[in-house]
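Take a look at the structure below.
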Amino acid sequence: MARKRRVLPPDERKREILTAATEVFSAKGYRVASVNDILEAAGIARGTFYHYFDSKKEAFLELIEFYFSEFELVLEDCHDRLVAALDEGANVFDAWKDYALGVFRFHSENPKLTLLIYREAMSLDEHFSFRVDELADLGTTWIARDLDEMVGRGLIKTCDTSLIATIITGATVFLTLEYIVRRGTDDLETLATELAMNQVKALAPIELFLQPEGGV
């Protein structure tokens, strides 16, 4: 007896297809994966796939857009919490660690999508890599904005915030790929603590600054 296909609202069906595509692309790689693989993973007919996407490339591009739109929401939330914490008198270390923890938590909750972006999209053709670079600039812009906020409050030294934001982004991406994606660590607290401490030490306006209780 044939399995009865579930009838889903269009938005939910599209999300289901993209979830299946994420699984397929992360397991096989974009170049090797086929539309048939996605059909099998999603349990849908070919016509259903082409109702939502013209090609696997279009599905892949939508995953890129989804990742960065969600990531920007995370950065916006981190920004709001950073400003609120500083307004309430939190020290730089605690506020920045919370920021880093929010970023790491997002990637920990989306490891396969993260892998697609940084392993697949950035190594594929110019159209993919250009779009990733363009969207990644949004993240760097948010971080630079938050550094400007702290410089303005006299909490960190005056610096080229755009350059420092790029350095922070690079470190965060490496830690994400190495510890969260490859090693599968769930100790996000330690990652956030070490990253924040490294940054605060480098950017402190004076040699002495508040450390978390007990040090690190």
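The values are calculated or read from the model by the stated rules, or taken from the named source; none is laboratory data. Quick caveat, the model's predicted, so the values are computed rather than measured. Ideal geometry is used to build each Cβ from the backbone, glycine not excepted, and the neighbour counts take in all protein chains shown.
Below are the figures for this structure:
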item: Search result, residues across region 11-36 that are over 15 Å from PRO111 (Cα atoms) and outside any helix (DSSP H, G or I); result: TYR30, ARG31, VAL32, ALA33, SER34
item: Within region 44-120, helices (runs of 4 or more DSSP H) holding 1 or more residues that are more than 18 Å from THR22 (Cβ to Cβ), under 10 Å from the mean Cα position of the chain (by Cα) and not assigned by TED's automatic domain parsing to the domain that holds ALA21; result: 56-87, 92-109
item: Long-range neighbours under 7 Å by Cβ, at least six apart or interchain, first residue basic (Lys, Arg) within region 17-39, second at pLDDT 95 or above; result: LYS28/ASP37
item: Residue list for region 172-195, filter: surrounded by 14 or more Cβ atoms within 10 Å (Cβ to Cβ) and among the hydrophobic types (A, V, I, L, M, F, W, C); result: VAL173, LEU175, LEU177, ILE180, VAL181, LEU188, LEU191, ALA192, LEU195
item: Filter pass, ARG13 being free of Cβ contacts under 8 Å to residues at least 40 places away in the same chain and closer than 20 Å to GLY139 by Cβ; result: no
item: Region 49-85: number of residues that are of a type in the set (S, T, N, Q) and surrounded by 18 or more Cβ atoms within 10 Å (Cβ to Cβ); result: 0
item: Those residues of region 168-204 which are among the polar types (S, T, N, Q), more than 11 Å from TRP96 (Cβ to Cβ) and over 17 Å from the mean Cα position of the chain (by Cα), in sequence order; result: THR190
item: Condition met for PHE106 (of a type in the set (Phe, Trp, Tyr), farther than 22 Å from LEU203 by Cα and modelled with pLDDT of 95 or more); result: yes
